[in-house]
Amino acid sequence: MGKALDGVRILDFTHVQSGPTCTQLLAWFGADVIKVERAGAGDITREQLRDIPDVDSLYFTMLNHNKRSVTIDTKHPEGKQVLEALIQKCDVLVENFAPGALDRMGFTWERIQELNPRMIVASVKGFGPGPYEDCKVYENVAQCAGGAASTTGFDDGPPVVTGAQIGDSGTGLHLALGIVTALYQRTQTGRGQRVLAAMQDGVLNLCRVKLRDQQRLERTGVMKEYPQYPNGKFGEAVPRAGNASGGGQPGWILKCKGWETDPNAYIYFITQAPVWAKICNVIGKEEWATDPDYATPVARLPRLKEIFAEIERWTMTKTKFEAMQILNKYDIPCGPILSMKEIAEEPSLRKTGTIVEVDHPTRGKYLTVGNPIKLSDSPTEVKRSPLLGEHTDEVMAELGYSPEQISALRTAGAI
Ligand code: COA
């Protein structure tokens, strides 16, 4: 069976996490992704956080599946010519260099258009146009500048960054959507265009509900589903909400059996209004179903702390999985706090290809996260990441270079 993006060629100039996330997705959908790296060094993540000496790190392997790797020194005059040939052959150039790096290399938007007017140039940058547009940015800077850190954590503690890489991988996802959208528009216009996904914007997009809350706070001075209500204080900005649910159904993380020794013996419990009577039955507080102080969502809002404490008395008598089983029977929304160890060992995730075991020639077997987006007509086969420059000769031959020319360029240090 063919793949959704068969025939699309991506010149992958990305490194670290954000850009590689994007091009890995495109590769999983069937695009031919040609990753350009510097000879001898390559993507810096090949050597970062290594767990085996001299072997590509998991950081690199888990973000660069299904790609081909070519080495080109794009600052070398003859290397530039090779890059020009690639620009003419590819549909999309994806990059996440520091601002201005591509221009400094001599590949301005104007120059790229001259070489290939159909070329889509897609970039991740830390910030869009404005005071910070020239700044280099990593994950946590984006989480801080995009509103995630100020709204994450507990009221009495400092801002907190999340483990989910919403700045890097989140922006990579946004960029991938921008690229396929531009490819679609090109079918009508015949022209390429620039696609920009700024990490601050990507994080803010994922924090949309917090800008909603900022405006609610400014209008009413209070947000009754936040833990600050009724006894704490609200200031001028959206406060950190602990584990409160971001939506209209109150929720919290509660201890389960074994919490004293297991840091993940917890469950997320949602007191969804339509199943309130069932919740009361399960926890043995039947009277709350009709008591006017507890029977309605509005009446419960000032009592959430007390309510969750009572529910926790029940969850503490069950393991998180026992609690899940009982609560699911009654359609009560809840979720176990799963450790990475539990996720890695979960058979259903292996079955769907969300967790995949991959074999690598120098590393051996390792686990990775597969494609989280499943297309029924374009199934993903996860293939190992390329070794540095593994496909240089192959790609150069496709560009029309003879073996002698390839060897001369190698001697000159251009590839
Ligand atoms: N041949 C020759 N030179 C190459 C090359 C190649 N194949 N590939 C890269 N380079 C050069 C670049 O041209 C650049 O040179 P210059 O500074 O002289 O213009 C240089 O390598 C370094 O690139 P840069 O992007 O500045 O790397 P960095 O390690 O200093 O910064 C980031 C890393 C991530 C902070 C920065 O790239 C950035 O802010 N990117 C945008 C935001 C982003 O994606 N951040 C998240 C990353 S997960």
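The values are calculated or read from the model by the stated rules, or taken from the named source; none is laboratory data. All of these numbers come straight from a predicted model, not from anything done at the bench. In this analysis, Cβ positions are derived from the backbone assuming ideal geometry, glycine residues included, and neighbour counts consider all displayed protein chains. All accessible areas refer to the heavy atoms of the entire protein, side chains included, with ligands and DNA or RNA removed. Shrake-Rupley method; radii C 1.70, N 1.55, O 1.52, S 1.80 Å.
Side notes on the structure shown:
- Centre separation in Å (Cα based) which lies between region 159-186 and region 226-257: 28 Å
- Span-like helix ranges in the chain, DSSP H, alpha carbon extent 27 angstrom or more, Kyte mean at least 1.0: none
- Distance between the modelled labels on residue 278 and residue 209, one decimal in nanometres: 2.1 nm (7 Å Cα→Cβ projection).
- For region 1-117, the Kirkwood estimate of the hydrodynamic radius, built from every pair of different alpha carbons, is 14.8 Å.
- Fraction of beta bridges assigned by DSSP in the chain that are antiparallel (%, nearest 5): 40 percent
- Centre separation in Å (Cα based) which lies between region 311-355 and region 1-75: 34 Å
- Cut-off under 5 Å, modelled amide H: who pairs with residue 319 long-range: 257
- Counting 0.36 nm for each residue step from residue 398 to residue 305 and taking away their Cα separation leaves a gain of 26.9 nm.
- GNM top mover of 133, 398, 95 - the chain, alpha-carbon springs below 10 Å: 398
- Distance (nanometres) between label positions extended 7 Å along Cα→Cβ at residue 138 and residue 338: 2.9 nm
- Residue-span extension gain [residue 236 to residue 293] - 0.36 nm each, minus C-alpha spacing: 17.5 nm
- Pair residue 220, residue 357: separation of 7 Å Cα→Cβ label points (nm): 5.2 nm
- With the Kirkwood sum run over all distinct C-alpha pairs, the chain has a hydrodynamic radius of 24.4 Å.
- Using the alpha-carbon positions of region 162-263, Rg (one decimal) and Dmax (whole number) come out as 19.8, 62 Å.
- If you run the Gaussian network model on the chain, springs between alpha carbon atoms under 10 Å, then out of 128, 146, 157 the most flexible one is 157.
- Accessible surface of residue 330 - all protein chains present, 1.4 Å probe, nearest 10 Å²: 90 Å²
- Hydrodynamic radius of region 294-369 by the Kirkwood approach over all distinct alpha-carbon pairs: 15.8 Å.
- Cross-link pairs beyond the 26 Å C-alpha cut-off, checked among 125/210; 285/341; 89/383; 329/351: 285/341
- Within the full protein context, the accessible area of residue 360 is estimated at about 10 Å² for a probe radius of 1.4 Å.
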